[in-house]
Structures are given as C-alpha cells and as structure tokens.
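**Student:** Please find one structure pasted underneath; my questions will follow.
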Amino acid sequence: IGKMQRDYNWPTFIDATTFNLKASTKITIDNYVYEEGGKSNAAIFDVAKGTAAFVAASVAKTGDMKITTPTATLGIRGTTGLVEVPEGAAANNPNNVAVKLYPDADGRIEVNDRAGARLGFLTQGASGFTIRPGSGGARFAAVPLVIPQQVMLRDQGFLRRLHSTQNVGRQLVFQQREFRRANPTF
C-alpha cells in the first residue's frame, strides 16, 4: 500500500497571507503584527523543517515580512513562493534550504544569511536558489536552482491548492472586518 501524503492548509491571516504545508512541516510564528493602514506591520515565520508554500499579502506589501530557515532569512515583498527545508539543514550539511519564486503579479524575495548579509534576490517567476555553504570562507551562498519540469508541475499543483485556500480565506477575513466595523463594541 502506497504512503499517502497530506497537505495542510493554514488559516488565512487577517492581512490575507496564507500558507500551505506539506506533512511533517514544522513552522512557528515568531511575530505577527497587522493593523489595516498601519505603518508598523511585521511578521516573522520560522520554517524549521519541511515544505511551506505561501502567498504573501498586506504585511509583505506595507511592512516587513520575513521567513527564517536554519540557514537563511527571506525578506518577502508581496509574492508567491515555496520554501523547502530538509531534515538536518545546516551550514555544514549538503542537504540545504531551497527557495522558489513562482509567477505572481508583483513581488520579490530577498535572500540573506541568518546574520543579515545579502545573498541574492529572486524577482523572476519559476526561479530559485539553494542555500549552500559558501566557498572561499563565505559562510553561505545562494546557488541558482534549476527547477525540473516535473518538479515545477508538482509545485504548481501545491500552489493552486494554496491560492484556492487563500480565496476562501480572503472572503472570511472580509466578512470579519465588515462585522467588526458594523459592531465596534462587540
């Protein structure tokens, strides 16, 4: 009997950011601040292990959204992406973090090491980096990732489910906002 893989849809956050997780993914929310029209919006999501797809929304566009991994910190600027963190991802391990940007209306991903040193930018859809130990004494390097067609098709199916979840989540967020506006003392 084959092993069945299950994806887990997280709820849509109040800014409409949505995550979809593969089974056994470990993610924590280290910080999440969102106020509609606010200037101090911020979020930090830590992906410790597994695969997490995301659609960033208002926090990424109006504030500071980050996704951290064992080897990299990603500055998310309003986009759709996928982060893969294999078991045991570390500076001295050949199994390391992969970051992929998929076609989206806007946005980019800034890739930095954990200390904040810039490793690169992803701005073109269907592109990616693998974060690996650097050469010549550099702690890490962002190595361009060639995404095979079969992997791209698999990722796109995962992202379609993510966008479907986000559409439902946006409707719920809108209804909650309207209810709060109509009932400010509730």
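The values are calculated or read from the model by the stated rules, or taken from the named source; none is laboratory data. Just so you know, these numbers come straight off a predicted model, no measurement behind them. Here the Cβ positions follow ideal geometry from the backbone for every residue, glycine too, while neighbour counts run over all protein chains shown. SASA here: full protein model, heavy atoms, side chains in, ligands and nucleic acids out. Shrake-Rupley method; radii C 1.70, N 1.55, O 1.52, S 1.80 Å.
**Student:** Read through the list (1) modelled with pLDDT of 90 or more; (2) crowded, with 18+ Cβ neighbours inside 10 Å; (3) under 23 Å from Pro11 (Cβ atoms), then give the number of the only condition that Ala182 fails.
**Tutor:** (2)
**Student:** If you don't mind, there's one more thing I want to ask. Only one of (1) under 20 Å from Ile76 (Cβ atoms); (2) at pLDDT 90 or above; (3) open to solvent by 100 Å² or more (accessible area, probe 1.4 Å); (4) charged (D, E, K, R) is not met by Arg114, so which one is it?
**Tutor:** Single failed check for Arg114: (2).
**Student:** Only one of Ala90, Ala141 is in a strand (DSSP E or B) and at pLDDT below 90. Can you tell me which?
**Tutor:** Ala141
**Student:** Within the group Leu145, Leu153, Leu162, which residue is out of contact with any Pro (no Cβ under 8 Å at 6 or more places or on another chain) and open to solvent by less than 40 Å² (accessible area, probe 1.4 Å)?
**Tutor:** Leu162
**Student:** Looking only at the stretch 24-36, filter to residues that are touching a residue at least 24 places away in the same chain (Cβ under 8 Å) and part of a loop (DSSP other than H, G, I, E, B); which one of those is least open to solvent (accessible area, probe 1.4 Å)?
**Tutor:** Residue satisfying both the conditions and the ranking: Thr25.
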